[in-house]
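For reference, the structure is listed below as structure tokens.
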Amino acid sequence: MACLIFLGKVEKMYGSTARADPYTLSHPVSSDRIESIHSYMKKCAHKRAFMPAEIESKFQRIKAKMMAFLEPQRALQTYKDNSLQARYARAIAHYRLGQFAQGLSEIDILLKEHPKDPYFYELKGQVLFETGEIERAIPALQKAHALRPHSPLIKILLAHALIERTSPPGSAEAIKILVPLTQRHPQDFPMAWRLLATAYGKTNQLGEAALALAEEGYLQENYGLAASQANRAKGMLKSNPKAAMRAGDLLSQIKNKSGG
């Protein structure tokens, strides 16, 4: 029902797309979406719930998480029961309000009950990392990564923690995480390129560091910085033809974007 109300508002705000060629649009037209939802609701009218319990549970958890991150005080006032999403919300809210010990205590209880939940480990690692507890953060983030190995955001947070670790240095390990990530998602995570540049710099791979900064600058549309770093990388990466070629490609892309 909420979805129908939302789509109705969209159609009123932006007008009907019924006359538009659907093949020129990036999303289904609102009228088609509304009709689809109406049809689904008619089919499910005899059922007590429209949403499978597992999906509903995930939705409620996401809703709690978003409120806790964006409005932590409101989350503490809203989520007072003992449900999983309520405790998750309180853990995040305490962390966001600077009540780190209380937040970590809530997270540890959740982890004791749900030891295979990657997002509870991720949250614990994030809290520890942001409070300067790097050595304690890394095992939690490694566990999150092991449980959810394809999550880009967990990879980025783990790599960041490894880079910040000084004894033993973790930059080489971070590079092993960030290189496949940036190859798989070259345009999605500018922060990954920045971290990769930092890790390369700490391991004295300065040409590679310049190229990573050029990639970040290009994604941020900072073409002056991107061109400067790409030129620097091209001159330093003569022993790495593939990387030098990428620097040249970037320079061509920058030229096209900036109009010369």
Query raised in the report: When both residues are 6+ apart or on different chains and their Cβ atoms are under 6 Å apart, which pairs have a first residue that lies in the stretch 108-137 and is within 16 Å of Ala93 (Cβ to Cβ) and open to solvent by less than 20 Å² (accessible area, probe 1.4 Å), and a second that is in a helix (DSSP H, G or I) and among the small types (Gly, Ala, Ser)?
Result: Val127/Gly103
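Would you check if Lys80 is open to solvent by 10 Å² or more (accessible area, probe 1.4 Å), under 28 Å from Leu195 (Cβ atoms) and of a type outside the set (Ser, Thr, Tyr)? Explain how you work it out, then say what you get.
Numbers: open to solvent by 10 Å² or more (accessible area, probe 1.4 Å): yes; under 28 Å from Leu195 (Cβ atoms): no; of a type outside the set (Ser, Thr, Tyr): yes.
For Lys80, the condition - open to solvent by 10 Å² or more (accessible area, probe 1.4 Å), under 28 Å from Leu195 (Cβ atoms) and of a type outside the set (Ser, Thr, Tyr) - is not met.
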Query raised in the report: Does the stretch 120-127 contain at least one residue that is farther than 25 Å from Trp193 by Cβ and small (Gly, Ala, Ser)?
Result: no
Report summary line: The residue that is nearest to the chain's Cα centre (by Cα), considering only those in the stretch 226-242 that are of a type in the set (Gly, Ala, Ser) and modelled with pLDDT of 95 or more, is Ala226
Query raised in the report: Do we have any residue at all in the stretch 193-216 that's over 29 Å from Leu162 (Cα atoms) and of a type outside the set (Val, Ile, Thr)?
Result: no
Report summary line: So, first residue among the acidic types (Asp, Glu) in the stretch 164-178, second residue at pLDDT 95 or above, Cβ within less than 7 Å, six or more apart or across chains; the pairs are Glu164/Ile134; Glu173/Leu162
Query raised in the report: Of these, Leu153, Leu181, which one is out of contact with any helix residue (DSSP H, G or I) (no Cβ under 6 Å at 6 or more places or on another chain) and aliphatic (A, V, I, L, M)?
Result: Leu153
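Quick grid of which residues meet (1) part of a helix (DSSP H, G or I); (2) without any contact (Cβ under 8 Å) to a residue 24 or more places away in the chain:
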| residue | (1), (2) |
| --- | --- |
| Ile62 | yes, yes |
| Lys65 | yes, no |
| Asp81 | no, yes |
| His94 | yes, yes |
**Report entry** Filter result for Pro152 (touching a residue at least 40 places away in the same chain (Cβ under 8 Å) and either within 29 Å of Ser167 (Cα to Cα) or over 21 Å from the mean Cα position of the chain (by Cα) (or both))
**Finding:** yes
Report task. Mind listing whichever residues of the stretch 182-215 are crowded, with 22+ Cβ neighbours inside 10 Å and among the aliphatic types (A, V, I, L, M)? Result -> Ala192, Leu195, Leu196, Ala197, Ala199, Ala209, Ala210, Leu211, Ala212, Leu213, Ala214
Report summary line: Every listed condition ((1) over 20 Å from the mean Cα position of the chain (by Cα); (2) at pLDDT 95 or above) holds for Glu35 save (2)
Query raised in the report: Which of the residues spanning the stretch 244-259 are small (Gly, Ala, Ser) and either touching a His at 6+ places or on another chain (Cβ under 6 Å) or surrounded by fewer than 20 Cβ atoms within 10 Å (Cβ to Cβ) (or both)?
Result: Ala244, Gly248, Ser252, Ser258, Gly259
Requested in this report: Please note which helices (runs of 4 or more DSSP H) are completely contained in the stretch 112-172 and include at least 2 residues that are in contact with a Pro (Cβ under 8 Å, 6 or more places away or on another chain) and not hydroxyl-bearing (Ser, Thr, Tyr).
Outcome: 134-147
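The values are calculated or read from the model by the stated rules, or taken from the named source; none is laboratory data. Keep in mind the model is a prediction, meaning the values are calculated, not measured. Neighbour counts run over all protein chains shown; Cβ positions are idealised from the backbone, glycine included. To get the accessible areas, we keep the full protein, side chains included, count just its heavy atoms, and leave off ligands, DNA and RNA. Shrake-Rupley method; radii C 1.70, N 1.55, O 1.52, S 1.80 Å.
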